[in-house]
Amino acid sequence: MIRLDNVCKDYHTRLGPRHILSHVNLTLERGRHIGILGRNGAGKSTLVRLLSGAENPTSGRIHRDMSVSWPLAFTGAFQTHLTGLDNLKFVCRVYGVDWKPLVPFVEEFTELGIYLREPVLNYSVGMTMRLAFALSMAIEFDCFLIDEGLSVGDARFGDRCHVELFQKRKDRSFILVSHDPNIIRAYCERAAVLHLGRLYEFPTVDEAFEFYENQHVPPPGPLFD
């Protein structure tokens with residue numbers, strides 16, 4: 001289970017503190033899928049970083065009793081002067097996983113060929129995204145974090161990524177963050193909306209989408225704060 005208890009997140013700016021998330025509460029059980037809708041700038045990516053442990057909340061607590069991935073296809077943590085293979089070894093050391101059995105999967109899935117053993121700084125954006133997604137799939141997590149920026153190259157490779165994530169790992173939990181209600185509908189059984197720093201949770205995706213489209217209307221469900 002993952003549980004957010006009264007989580008707040010502020011960032012300091014030259015004009016003073018900026019409140020991004022305010023008293024957010026959320027519970028996700030094992031094997032469940034939730035979508036989080038929000039406009040650009042609503043705090044969706046901030047929430048994902050908090051869930052992954054990349055950042056800490058300003059106040060409140062995040063409880064995790066299952067393993068949580070980094071945001072899928074996130075490339076910001078790569079050591080670009082290392083090869084793709086060396087980055088695989090590094091990530092495996094961080095998570096306490098033996099890297100050797102994972103090499104064939106990463107080689108086959110990324111289709112990088114000889115470039116897997118070349119420095120990442122020589123990769124194109126698409127090659128880097130392929131490596132990032134392959135590493136996300138190579139290490140098995142109980143819960144996957146999927147940010148709206150997930151884009152992994154051509155349509156064929158994108159289809160393979162969807163098979164790996166949404167079919168082969170459909171028994172895992174995941175949190176899918178997007179501003180596209182069609183993606184949320186396709187993969188999630190319930191949804192919440194981030195609006196003005198608050199998280200509004202709904203029993204169905206359709207109810208969440210209705211509120212998302214009419215955010216000036218008071219929400220029909222409870223406000224989790």
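Since every read-out is calculated from the coordinates, none of them should be taken as a lab result. Being a predicted model, the structure only gives us computed values, none of them experimental. When we count neighbours, we look across all protein chains shown, and the Cβ atoms used for this are built from the backbone with ideal geometry, even at glycine.
For Lys100, the lysines whose Cα falls under 28 Å of its own Cα, not counting residues fewer than eight places away in the same chain, are Lys89, Lys168, Lys170.
Of the complete DSSP H runs in the chain, those spanning 18 angstrom or more by Cα along the long axis with a mean Kyte-Doolittle score not below 1.0 are 125-138. Counted over all Cα-Cα pairs of the chain, pairs farther apart than 21 Å make up 57 percent. Comparing Leu15, Leu50, Leu37 in a Gaussian network model of the chain (Cα springs below 10 Å), the most mobile by mean-square fluctuation is Leu15.
Just the Cα atoms of segment 1-53, one point each, no solvent: what log10 I(q)/I(0) does Debye give at q = 0.14, 0.16 Å⁻¹? Values returned for q = 0.14, 0.16 Å⁻¹ are -0.42, -0.54. With the charge dipole of segment 21-163 set up from +1 on Lys and Arg Cβ and -1 on Asp and Glu Cβ about the Cα centre, the Cα lying farthest toward the positive end among the listed residues Ile34, Leu82, Ala134 is that of Ile34. The order of Glu118, Glu29, going from fewest to most other C-beta atoms within 10 Å of their C-beta, is Glu29, Glu118.
A Gaussian network model of the chain, with springs between Cα atoms under 10 Å, assigns the largest mean-square fluctuation among Val97, Val193, Val68 to Val97. From least to most packed, judged by other beta carbons within 10 angstrom and beginning with the fewest, Lys168, Lys9, Lys44 follow the order Lys168, Lys44, Lys9.
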